[in-house]
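Okay, structure first, notes after.
The values are calculated or read from the model by the stated rules, or taken from the named source; none is laboratory data. Just so we're clear, the structure is a prediction, and the values are computed from it rather than from any experiment. A quick note on method: Cβ atoms are made from the backbone with ideal geometry, for glycine too, and the neighbour counts reach across all protein chains shown. All accessible areas refer to the heavy atoms of the entire protein, side chains included, with ligands and DNA or RNA removed. Shrake-Rupley method; radii C 1.70, N 1.55, O 1.52, S 1.80 Å.
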Amino acid sequence: MHYDLVEKLKKEIAGFRDEPALEAVGTVVETGDGIAKISGLSRAQSQELLKIETASSEVFALAFNLEEHFIGAVILGVAEAIKIGDRVRGTGNVLSIPVGKELLGRVVDPLGEPLDGKGAIFKDNGEAERYPLEKKAPSVVARESVNTPLHTGIKAIDAMIPIGRGQRELIIGDRQTGKTSIALDTILNQKNEENRPICIYVAIGQKQSKVARIAKILEEQGALKYTIIVSASASSPASLQYLAPSAGCAIGEYFMDHGKDALVIYDDLSKHADAYRELSLLLRRPPGREAYPGDIFYLHSRLLERAAKLNKENGGGSLTALPIIETKLGDISAYIPTNVISITDGQIYLESNLFYKGVRPALNVGLSVSRVGSAAQTKAIKKVAGRLRLELAQFRELEAFVQFASDLDDATKQKIHRGQILTEVLKQADLVPLRFTDEAVILYVALAGYLDDVPTQRIKDFERELLDYIEKMYDDAIFGAISKSRTLDDATEATLKKAVEEFKRIFNNGHRTSSWTSDVQN
């Protein structure tokens with residue numbers, strides 16, 4: 001009987017229904033200026049997506065500050081709809097963005113929503129893959145050294161400040177000195193590359209008209225098909241401007257993890273820092289130097305450290321970062337510029353004085369550097385451009401004496417003349433990036449002295465017509481050979497010398513394209 005009673009009790013206990021699980025619900029206690037203070041969600045995690053139930057709809061927010069009694073959250077939707085007393089529930093998920101090849105050719109916001117009016121991005125029934133905006137950078141073991149060039153199509157950069165796939169190269173300078181133009185030319189030039197990287201352009205705090213213009217240029221030049229634009233315009237809330245670089249980086253990581261090369265351009269991180277400062281001060285974080293919060297360095301370092309060249313065991317993909325920083329009156333010793341300079345692998349410094357003199361790109365050779373260097377440079381350009389930086393540096397030293405040219409010795413006059421020629425050769429208009437084979441030929445001609453007797457005002461004509469001549473007469477023997485071997489061997493160099501001497505004779509005689517063939521045959 002005792003046994004029957006025990007069994008009966010066991011059945012009764014087993015029949016009890018589980019009590020309903022308790023759900024953590026918070027309450028908005030303060031709101032305004034795009035942020036909210038929430039009480040009651042003690043188990044929320046940093047960067048967790050929170051759901052605020054307003055009178056009319058649901059608004060999402062991001063857990064930003066985890067304090068003892070409150071959570072400081074950044075509102076991602078319509079902040080005006082949120083009132084004190086609204087309920088808040090945790091989702092248990094960190095903020096993420098949908099990723100995939102469907103994003104190519106599209107303009108999206110940092111949450112992955114389309115901005116280009118072309119309809120939904122992910123049209124299949126399956127759930128799109130999502131990547132978290134904040135992700136741990138690849139470990140040292142998963143990386144390999146940067147050894148593959150990323151050609152920008154800009155002679156001065158590819159010759160003296162080469163960029164490798166997986167590198168972080170800063171573009172820095174005052175406003176209106178051509179920083180975005182360099183980034184845009186780099187994207188356009190990738191259509192000339194065999195293993196073309198996916199390009200992600202992140203516009204932070206830019207005018208919508210500028211983003212629309214960039215999208216139009218890329219589309220007209222046939223580059224939008226391998227480009228993704230992430231835009232948080234100047235009219236967007238500070239929260240979206242803060243999230244934009246992480247969103248662009250997450251999209252790039254998707255392609256890197258699938259064994260592809262990706263290039264992400266952050267235009268610009270100065271505005272990103274301003275947005276982060278605004279959010280931090282509203283949430284009562286203590287201000288530091290220039291009123292930025294103390295962790296602004298960590299914010300940019302964990303973003304840029306995600307750029308990497310993965311080894312073969314991890315797929316061999318790469319993510320190259322080109323952050324842009326705007327200086328004020330050329331002051332590169334300000335807080336944000338020095339932070340980002342110390343995080344990156346080199347910088348391209350654009351100088352206002354050179355820009356106003358008509359030297360474009362306005363590259364300051366002395367302050368610009370690539371810490372990866374020639375390890376990521378194509379051998380053909382490395383061979384012909386070895387002396388370029390030295391000769392330009394010598395010219396910059398002597399430039400102040402040009403006005404006293406009559407009193408200078410012949411050797412100094414020759415160095416000044418050579419510097420003027422090289423400066424003219426390195427000038428390049430926007431939106432006309434060159435193939436690396438073209439760059440190698442032009443730099444070879446300039447440094448071998450073939451332009452020493454060409455009038456400065458005719459150098460651009462000489463360049464253009466020479467490339468046209470070689471393409472018509474020696475395409476496979478010169479351009480084809482350099483493209484295939486990636487170097488300038490003795491046989492190709494001999495053919496190039498012959499072609500340049502032939503062309504120079506025609507050019508000096510004042511003949512035009514129509515008479516090239518007959519001139520050579522005669």
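Descriptive notes on the structure:
- Filtered residue count, the stretch 190-225, keeping only those that are open to solvent by less than 30 Å² (accessible area, probe 1.4 Å) and within 12 Å of residue 263 (Cβ to Cβ): 9
- Residue under evaluation residue 334, criteria (1) surrounded by fewer than 22 Cβ atoms within 10 Å (Cβ to Cβ); (2) modelled with pLDDT of 95 or more; (3) within 20 Å of the chain's Cα centre (by Cα), criterion not met: (3)
- Residue-level analysis places residue 61 outside the set of residues that are touching a Phe, Trp or Tyr at 6+ places or on another chain (Cβ under 8 Å), closer than 21 Å to residue 97 by Cα and crowded, with 21+ Cβ neighbours inside 10 Å.
- Yes/no for residue 384 being on the phi < 0 side of the Ramachandran plot and not assigned by the TED database to the domain that holds residue 445: no
- Residue within the stretch 286-298 that is out of contact with any Phe, Trp or Tyr (no Cβ under 9 Å at 6 or more places or on another chain), open to solvent by less than 30 Å² (accessible area, probe 1.4 Å) and in contact (Cβ under 8 Å) with a residue 40 or more places away in the chain present: no
- Pair list, Cβ < 7 Å and 6+ apart or interchain, from the stretch 21-41 residues that are in the same structural domain as residue 88 (by the TED database) to residues that are acidic (Asp, Glu) and crowded, with 16+ Cβ neighbours inside 10 Å: 28/86
- With respect to the stated conditions, residue 149 is open to solvent by less than 30 Å² (accessible area, probe 1.4 Å) and in contact with a Ser or Thr (Cβ under 6 Å, 6 or more places away or on another chain).
- Residue in the stretch 273-295 that is out of contact with any Asp or Glu (no Cβ under 8 Å at 6 or more places or on another chain), at positive phi, in the same structural domain as residue 146 (by the TED database) and assigned to a helix (DSSP H, G or I) present: yes
- Tally of residues being of a type outside the set (Gly, Ala, Ser), outside any loop (DSSP other than H, G, I, E, B) and surrounded by fewer than 23 Cβ atoms within 10 Å (Cβ to Cβ) across the stretch 161-183: 1
- From the list 130, 143, the one residue that fits, being surrounded by fewer than 19 Cβ atoms within 10 Å (Cβ to Cβ), under 22 Å from residue 373 (Cα atoms) and in contact with a strand residue (DSSP E or B) (Cβ under 8 Å, 6 or more places away or on another chain), is 143.
- Flag not set for residue 499, criterion: open to solvent by 30 Å² or more (accessible area, probe 1.4 Å), at pLDDT 95 or above and not charged (D, E, K, R).
- Residues of the stretch 339-356 that turn out to be free of Cβ contacts under 8 Å to residues at least 40 places away in the same chain and open to solvent by less than 50 Å² (accessible area, probe 1.4 Å), as a count: 1
- The one condition from (1) closer than 23 Å to residue 148 by Cα; (2) in contact with a helix residue (DSSP H, G or I) (Cβ under 6 Å, 6 or more places away or on another chain); (3) not aromatic (Phe, Trp, Tyr) that residue 325 does not meet is (1).
- Odd one out for residue 329 among (1) more than 16 Å from the chain's Cα centre (by Cα); (2) hydrophobic (A, V, I, L, M, F, W, C); (3) modelled with pLDDT of 95 or more; (4) open to solvent by 10 Å² or more (accessible area, probe 1.4 Å): (3)
- Only one of the listed residues (359, 372, 365) is open to solvent by less than 60 Å² (accessible area, probe 1.4 Å), under 29 Å from residue 436 (Cα atoms) and touching an Asp or Glu at 6+ places or on another chain (Cβ under 6 Å). That residue is 372.
- In summary, residue 306 fulfils each of the numbered conditions (1) part of a helix (DSSP H, G or I); (2) open to solvent by less than 20 Å² (accessible area, probe 1.4 Å); (3) of a type outside the set (A, V, I, L, M) with the single exception of condition (1).
- Highlighted here would be strands (runs of 3 or more DSSP E) found entirely within the stretch 198-272 that include at least 2 residues which are among the basic types (Lys, Arg) and under 30 Å from residue 333 (Cβ atoms), but there are none.
Every residue, every condition in (1) in contact with a strand residue (DSSP E or B) (Cβ under 8 Å, 6 or more places away or on another chain); (2) open to solvent by 20 Å² or more (accessible area, probe 1.4 Å); (3) closer than 30 Å to residue 485 by Cβ; (4) modelled with pLDDT of 85 or more, yes or no:
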residue	(1), (2), (3), (4)
385	no, no, yes, yes
397	no, yes, no, no
422	no, no, yes, yes
429	no, yes, yes, yes
432	no, yes, yes, yes
443	no, no, yes, yes
458	no, yes, no, yes
